[in-house]
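What follows is a set of notes on a single structure, which appears directly below.
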Amino acid sequence: MKSALRFFLLILFLGLPLAWLGSGSEQTAEAAVIRRINVPFTTAVEPDIPAPDRAVLWFGEVGPTTQSYADVRLIYNQDKLHVVFHIIDRFLYYDSTPTAAEMANWDAATLYLNKSGNTGTAPGSGAYRFIGQLDALTANQQGQRPNYDFAYVGNGSGWTETNLAFESSVGTQTTSGLNNQGDDAGWNITFRIPWSSLGLSGPPAQGTVWGLGLTMHDEDGTAHENRHWPEGLSSTSPATWGQMHFGLPTYTPPAGVTNTSTVTIRHGQNGAVVPDGHVGGGTNCGGIPPFWNTWGNFNYAGDFQMNVQNQWNLGDWGCFSKYYVTFPLDALPANQGIVSATLRMYHFGNSLPSEAEPSLIQVFTVDEEWNESTLVWNNAPMAVENVARTWVNPIPAGGTGQYVTWDLSRAVAEAYANGQPLRLALYTADSARHSGKYLNSSETFSPDRRPTLEVTYGSTYGFTVSSGALVKEADPGGSAPFQLTVTPMGGFNTAVTFQSGTIPSGVNVTIPSGGVTPPGSKTITISHTNAGQTAGGLYAVPIIVSGDGIQKTITLYLLVNGSQTYLPIIQR
């Protein structure tokens, strides 16, 4: 137990993802959830960038005082990164004489970027911080707002204010004015960051991953609160941030899949239980306002029709609605390759057919369990990643319903590989007033119209690699053995070979000669080379296992001079 604790604390100290203790597989590690947003590219430029096309993430709660909530929309083009916070907030406060040091004490938003990814214990020269505050004088105006937005660059330990060119613009939805206790609806702030200000000649290549962090600062006149995406964000530790992936996700099915079959998963079929529910305003925008004290806690358990809806104008935030659904994957046999997976739902109506516009409904993975009878806006899980999107056209008055599908092959493959059910959320970045799309739920009377997941799978030819432990300790100058086990799949019977990848300085790797025909094992030894070392170190050694054109990589870790530290107990 002490060794596990020492390793856990060293991981935190080094700024690495929380991870794996004990057994592992060819996957590098079972890390703590890393929230990711896949940001699409557009050829459009302001002011003509369509709102629905943007990726969207969310965090926060809706409530009467120090509870605020944000939808954050992201997109990029050839010139800039565009990030928009839409913040539901009852009381709006700004500083009429702001200074850089005081920006975060009012209604404001902070955007963090790290070109090196979500890694590192301190912001380096590739890390940036942009902060913008609400103001009354330049609301709805574009461009640099003197004294109301500031930029910073990492200096290796913290942040240094810098004169980087970027744009911010602010809008408000208020009925009582600012800096008072009259009810408002909220405000929005847009950041436009030119690539040139980040030392680039154009946008990063698709597939590039940066570190991303977001903070919503909420001042309500009598109390102040900061909320973060992701939840554990530290402003000076990029390792605690989330990921921004440039481009939308793709999926490549495993090679060599044979004997394919398709399974259909829907509520009530073959004993499957598929819980679902929507949160927010439902299909009646939450009823009659005001509802600051109640809206965030509405529960709709048992509803047979679901609504997915968003809007640019925060004056109608009561109509916002998300949908959640969980599909069990226990009908899939073990050790299969996922060829494809499709979510199908029945769309039967719109919030106002005469004014309805197309919606780009996005699908997100969720990593938390939830209970249909207690699911509400304020406790509904945050998204892990946006994984699919489909345009849904409105149904005209008197028209018939239509089936809508999303390609969830990648999401199903990941959930299946992790031994988890497929937990999903549906939401949009729509801007239109009547964007609501009504979908049948698991409770609807017609089974064919219930949410349905169809998965095609088959036997996978190849092998898996596992280790009794991915992490072992050694004294300075010492060594540790790792036993790797190779297990065949799909009739694989070719001998495999072992070789090390890039070996970090400070360790040596010993791999006995000869191959292994699965099933079989090989013991690999990692040795530390500096008997006089006093500092702690964690050495990652990739081992490459190859056979019949198939290659797997498993990363082993040697922990040297781990130290035990006691953390304070935090009650949440």
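Quick notes
For (1) surrounded by fewer than 20 Cβ atoms within 10 Å (Cβ to Cβ); (2) of a type in the set (A, V, I, L, M), each residue gets a yes or a no:
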{"residue": "L408", "(1), (2)": "no, yes"}
{"residue": "L424", "(1), (2)": "no, yes"}
{"residue": "A432", "(1), (2)": "no, yes"}
{"residue": "T444", "(1), (2)": "yes, no"}
{"residue": "R449", "(1), (2)": "no, no"}
{"residue": "L453", "(1), (2)": "no, yes"}
{"residue": "T460", "(1), (2)": "no, no"}
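- Pairs meeting the criteria (first residue in region 116-129 and more than 16 Å from G199 (Cα to Cα), second residue among the aromatic types (F, W, Y) and modelled with pLDDT under 95, beta carbons under 9 Å, at least 6 apart or on different chains) are T121/F13.
- Scoring A101 on the criteria (1) closer than 27 Å to H224 by Cα; (2) out of contact with any Pro (no Cβ under 7 Å at 6 or more places or on another chain); (3) of a type outside the set (D, E); (4) touching a residue at least 12 places away in the same chain (Cβ under 8 Å) leaves a single failure, condition (4).
- Tallying residues that are in a loop (DSSP other than H, G, I, E, B), surrounded by 14 or more Cβ atoms within 10 Å (Cβ to Cβ) and at pLDDT below 95 within region 250-279 yields 3.
- Within region 207-225, being at pLDDT 95 or above, surrounded by 13 or more Cβ atoms within 10 Å (Cβ to Cβ) and not in a strand (DSSP E or B) holds for one residue alone: T208.
- Criterion (surrounded by fewer than 19 Cβ atoms within 10 Å (Cβ to Cβ), modelled with pLDDT under 95, out of contact with any Leu (no Cβ under 8 Å at 6 or more places or on another chain) and not in a strand (DSSP E or B)) met by exactly one of E357, E369: E357
- Within region 505-515, not a single residue is over 12 Å from L484 (Cα atoms), surrounded by 13 or more Cβ atoms within 10 Å (Cβ to Cβ) and touching a helix residue (DSSP H, G or I) at 6+ places or on another chain (Cβ under 8 Å).
- Members of region 323-334 found to be at pLDDT 95 or above and either closer than 21 Å to R90 by Cα or aliphatic (A, V, I, L, M) (or both), listed by number: V325, L329, A331, L332
- Identity of the residue in region 20-54, among the hydroxyl-bearing types (S, T, Y) and modelled with pLDDT of 95 or more, that ends up nearest to the chain's Cα centre (by Cα): T42
- When each of L375, L453, L424 is tested for being under 19 Å from the mean Cα position of the chain (by Cα) and modelled with pLDDT of 95 or more, the lone residue that passes is L424.
- Restricted to region 172-191, and to residues there that are crowded, with 19+ Cβ neighbours inside 10 Å and among the small types (G, A, S), the residue that is farthest from the chain's Cα centre (by Cα) is A185.
- Test: residue in region 91-101 that is in the same structural domain as N188 (by TED's automatic domain parsing), of a type in the set (D, E, K, R) and closer than 18 Å to E219 by Cα: yes
- For R227, the requirement of being over 21 Å from V62 (Cβ atoms) and not small (G, A, S) is not met.
- No other residue among T264, T283 is of a type in the set (S, T, Y), in contact (Cβ under 8 Å) with a residue 12 or more places away in the chain and within 19 Å of P353 (Cβ to Cβ) apart from T283.
- Applying the set (1) among the aliphatic types (A, V, I, L, M); (2) more than 23 Å from F463 (Cβ to Cβ); (3) out of contact with any helix residue (DSSP H, G or I) (no Cβ under 9 Å at 6 or more places or on another chain) to V545 leaves exactly one unmet item: (2).
- Just one residue in the set F91, F85, F59 is within 19 Å of P230 (Cα to Cα) and either part of a loop (DSSP other than H, G, I, E, B) or under 16 Å from the mean Cα position of the chain (by Cα) (or both); that residue is F59.
- Residue satisfying all of: in region 60-70; surrounded by fewer than 21 Cβ atoms within 10 Å (Cβ to Cβ) and in contact with a Lys or Arg (Cβ under 9 Å, 6 or more places away or on another chain); modelled with the lowest pLDDT among these: T65
- Residue that is farther than 24 Å from D330 by Cα and either touching a Gly at 6+ places or on another chain (Cβ under 6 Å) or outside the structural domain of T555 (by TED's automatic domain parsing) (or both), where the choices are L470, L484, L538, L453: L470
The values are calculated or read from the model by the stated rules, or taken from the named source; none is laboratory data. Every value quoted in this text rests on a predicted model; they were computed, and no experiment measured them. For neighbour counting, all protein chains shown are included, and Cβ atoms are generated from backbone atoms with ideal geometry for every residue, glycine included.
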